[in-house]
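What follows is a set of notes on a single structure, which appears directly below.
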Amino acid sequence: MWWIGERDPGERVLEHVRVHLERAFALSVSLRPGPGRPVDAYDARRKQWSSSRILAWLVREAPEEARVLGVTDMDLFIPILTYVFGEAQVGGRAAVVSTARLAEPALRDERIVLERLAKESVHEMVHVLGLLHCDTPGCVMGRSAIVRDVDRKQGVLCRSCSDRIARTRIAERETT
């Protein structure tokens, strides 16, 4: 996991995400200093960062065979949406999440933002493992068009998604 934001997030933010990722996947997650940020991903007209360009950059910069989550405070977009909380390469190697739209101006409780970030980080990394969105209420793989959708998620995978992840990981071990 790399911090690729503009401001220092503080250790608490990344540590919170790391703990949630380790719990979700039963794998060790390392925090590493990011190699900067992709300057070509900034769209001056929109005053936002292209999450798709960031993904391509993460893949180029990450060690071979590594899966990487870029965490940022930059406002992300894809061309067909006004903003996104994150994006992932489904079945690929990279995902990115942002705190920019998870923190509302009137929100004074940092714990809520940390929980939202943890949920969206797990969500995007599950996409990296190949799963798509889930319709089970509360599943972390539910769609999130607005921040209230993130709040409705329980932060864990439903039974069906959990089983699919387990099968994916078994198949990965068998091919290595």
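Do we have any residue at all in region 93-100 that's basic (Lys, Arg), closer than 20 Å to ARG7 by Cα and surrounded by fewer than 24 Cβ atoms within 10 Å (Cβ to Cβ)? So that I can check it myself, show each step before the final result.
So in region 93-100, the residues basic (Lys, Arg) come out as 93.
Narrowing further to those that are closer than 20 Å to ARG7 by Cα: none.
The answer is no; no qualifying residue exists.
For region 58-81, what are the residues that are β-branched (Val, Ile, Thr), open to solvent by 10 Å² or more (accessible area, probe 1.4 Å) and in contact (Cβ under 8 Å) with a residue 12 or more places away in the chain? Reasoning before the result, please.
First pass over region 58-81, keeping only residues β-branched (Val, Ile, Thr): 59, 68, 71-72, 78, 80.
Still in the list and also open to solvent by 10 Å² or more (accessible area, probe 1.4 Å): 59, 78, 80.
Within region 58-81, VAL59, ILE78 meet the criteria.
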Problem set entry | Test result for GLU115, within 20 Å of THR99 (Cβ to Cβ), open to solvent by 60 Å² or more (accessible area, probe 1.4 Å) and touching a residue at least 24 places away in the same chain (Cβ under 8 Å) | yes
For this session: Could you give me the residue pairs with C-beta distances under 9 Å whose first residue belongs to region 30-50 and is more than 19 Å from PHE85 (Cβ to Cβ) and free of Cβ contacts under 8 Å to residues at least 40 places away in the same chain, whose second residue is assigned to a helix (DSSP H, G or I) and open to solvent by 100 Å² or more (accessible area, probe 1.4 Å) wherever it lies, and which are 6+ apart or on separate chains?
Result: LEU31/GLU11; ASP40/ARG53
For this session: Determine if region 130-143 includes at least one residue that is surrounded by 15 or more Cβ atoms within 10 Å (Cβ to Cβ) and not in a loop (DSSP other than H, G, I, E, B).
Result: no
Problem set entry | Residue match in region 6-13 (condition: free of Cβ contacts under 8 Å to residues at least 24 places away in the same chain and farther than 20 Å from ALA103 by Cα) | no
For this session: Would you please name the residue that is surrounded by the fewest Cβ atoms within 10 Å (Cβ to Cβ), looking only at residues in region 20-36 that are touching a helix residue (DSSP H, G or I) at 6+ places or on another chain (Cβ under 7 Å) and not in a helix (DSSP H, G or I)?
Result: SER28
Exercise. Among (1) touching a residue at least 60 places away in the same chain (Cβ under 8 Å); (2) over 24 Å from ARG12 (Cβ atoms), which single condition is LEU55 missing?
Worked result: (1)
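Among the residues of region 37-69, write down those that are small (Gly, Ala, Ser) and in a helix (DSSP H, G or I).
Within region 37-69, the subset small (Gly, Ala, Ser) is 41, 44, 50-52, 56, 62, 66.
Of everything in region 37-69, those that are small (Gly, Ala, Ser) and in a helix (DSSP H, G or I) turn out to be ALA41, SER51, SER52, ALA56.
The values are calculated or read from the model by the stated rules, or taken from the named source; none is laboratory data. Just so it is clear, the model here is predicted, and its values are computed rather than measured. In this analysis, Cβ positions are derived from the backbone assuming ideal geometry, glycine residues included, and neighbour counts consider all displayed protein chains. Ligands, DNA and RNA are stripped out before the accessible areas are found, and what is left, the full protein with its side chains, is counted by its heavy atoms. Shrake-Rupley method; radii C 1.70, N 1.55, O 1.52, S 1.80 Å.
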